[in-house]
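Student: To start, I am sharing the structure in question, which I have written as structure tokens.
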Ligand SMILES: [Fe+2]
């Protein structure tokens, strides 16, 4: 990209800070409209999410604020046909999830801080055993989740004194999907629906920055 093009890009971003999220939502909408197999959605969605998490300036403050007691899941966009949703997951220092599943495919992109995830397998007798080693997710890295491969894990903020934020894309309206949490000792499961941490979503469609451009041009 030329210096001029980069300057123009930065100027456009300053006038339209939510543009990276809007571009991502448009690209994901196109992707899920192609009725691809799960593996293809995950592999083609990965570079889209990689591009989104290159910066965090597009994430509104209200979707980046940790709660002192609970991890937060803010809806960034819900597909009107509930084919996918995008959320910011905000961990306060030292916070962790229970062992849980998802029921749909997912992509997790680390935006800020660091997360540690441990996968589990469920044996035929219902007991849970760890599946592989703990995975550390650093900013810029992407992890995928697939119910076909097994999607039980728990996640924690690797940082004891700082918040961490990851951006997740799921193959459904994740806040409304009936899922399960698991007892680590017995493997017993309990249904839950996560919901979202706020009633608000970012406004992807405010293009009023264009006004400033017109004023500038017509002076
Ligand atoms: Fe999860």
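Student: What residue, of 98, 93, 124, is within 11 Å of the ligand (Cβ to nearest atom) and either surrounded by fewer than 18 Cβ atoms within 10 Å (Cβ to Cβ) or at pLDDT 95 or above (or both)?
Tutor: 98
Student: Which residue is farthest from the chain's Cα centre (by Cα), if the candidates are limited to segment 101-121 and must be more than 14 Å from the ligand (Cβ to nearest atom) and not in a loop (DSSP other than H, G, I, E, B)?
Tutor: So, considering only residues that are more than 14 Å from the ligand (Cβ to nearest atom) and not in a loop (DSSP other than H, G, I, E, B), the one farthest from the chain's Cα centre (by Cα) is 121.
Student: So, one more: Which of the residues that make up segment 73-90 are more than 13 Å from the ligand (Cβ to nearest atom), in a strand (DSSP E or B) and crowded, with 22+ Cβ neighbours inside 10 Å?
Tutor: Across segment 73-90, the qualifying residues are 74, 76, 85, 86, 88, 90.
Student: Could you tell me which numbered condition residue 192 fails, if it satisfies all but one of (1) over 20 Å from the mean Cα position of the chain (by Cα); (2) farther than 28 Å from residue 53 by Cα?
Tutor: (1)
Student: Applying the selection to segment 121-146, what residues are under 22 Å from residue 167 (Cα atoms) and touching a residue at least 40 places away in the same chain (Cβ under 8 Å)?
Tutor: 139, 140, 142, 144, 145, 146
The values are calculated or read from the model by the stated rules, or taken from the named source; none is laboratory data. Computed from a prediction, not measured in an experiment: that's the story for all the values here. Don't worry about glycine lacking a Cβ; one is built from the backbone with ideal geometry, like all the others, and counts go over all protein chains shown.
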